[in-house]
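Structure record follows, encoded as structure tokens.
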């Protein structure tokens, strides 16, 4: 695998204000990249931008709601205006709507598809010509649930499965243009997306540190990897799902009872 140098590259990170996105942005800055941070809320983006600048790198903030198609082209335009053509596009922003499917309305379903699947696909489509010119990279932050769906995370699992299929197909298309594609499947991480789902009175499963997760993502990119799954539990579950899918489903259901979503739990990172 060819090594990828990130020094003096321009990286755009969606969902860059919190959680894994923040960890990714800081890991990129430590490697000498300029970072454009995209998310719905200005305050956390500005905070992370200051952290990037403290590492000696330039940072740009573009507040946007990526569920809206018109916002995606605007984001790329503003990113180019600030820091030039994009070398690395990190699609990290996501939405987790917890609870049984019957608890959700059409608006929630449509937003989950827009944020988790349509937005990354559209951003890649729009950015691919310049990524080809720059011989750049696409990073798609997925989930082990794309392989082994979890009860009561139906929308999230389905959209992440779609993102995985998109990324695997894109890898071959993009290679023709010299564009590298990395799919990452981090373990359950202590982010604003997950913490509010913890069930009161029960011990929550161990969650990974988002800064460490961000570092792992960028280390995998730097190494030229095309896919990265980590977390002992995730690896074991994926292996078990191949060998004994019925047992894997039972384990998932028991694990899911540690969380108690409210009737309308809708959480975003980005």
For the range 166-183 the number of residues that are surrounded by fewer than 18 Cβ atoms within 10 Å (Cβ to Cβ) and outside any helix (DSSP H, G or I) is 3
Return yes when residue 124 is touching a helix residue (DSSP H, G or I) at 6+ places or on another chain (Cβ under 7 Å) and either within 22 Å of residue 32 (Cβ to Cβ) or surrounded by fewer than 20 Cβ atoms within 10 Å (Cβ to Cβ) (or both) and no when it is not.
no
Looking at residue 138, is it under 15 Å from residue 90 (Cβ atoms), in contact (Cβ under 8 Å) with a residue 24 or more places away in the chain and either surrounded by fewer than 19 Cβ atoms within 10 Å (Cβ to Cβ) or in contact with a helix residue (DSSP H, G or I) (Cβ under 9 Å, 6 or more places away or on another chain) (or both)?
yes
Selection status of residue 163, part of a helix (DSSP H, G or I), in contact with a helix residue (DSSP H, G or I) (Cβ under 6 Å, 6 or more places away or on another chain), crowded, with 20+ Cβ neighbours inside 10 Å and at pLDDT below 95:
no
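The values are calculated or read from the model by the stated rules, or taken from the named source; none is laboratory data. On a predicted model such as this, the values are computed, not experimentally measured, just so you know. Positions of Cβ are backbone-derived with ideal geometry, glycine not excepted, and every protein chain shown enters the neighbour counts.
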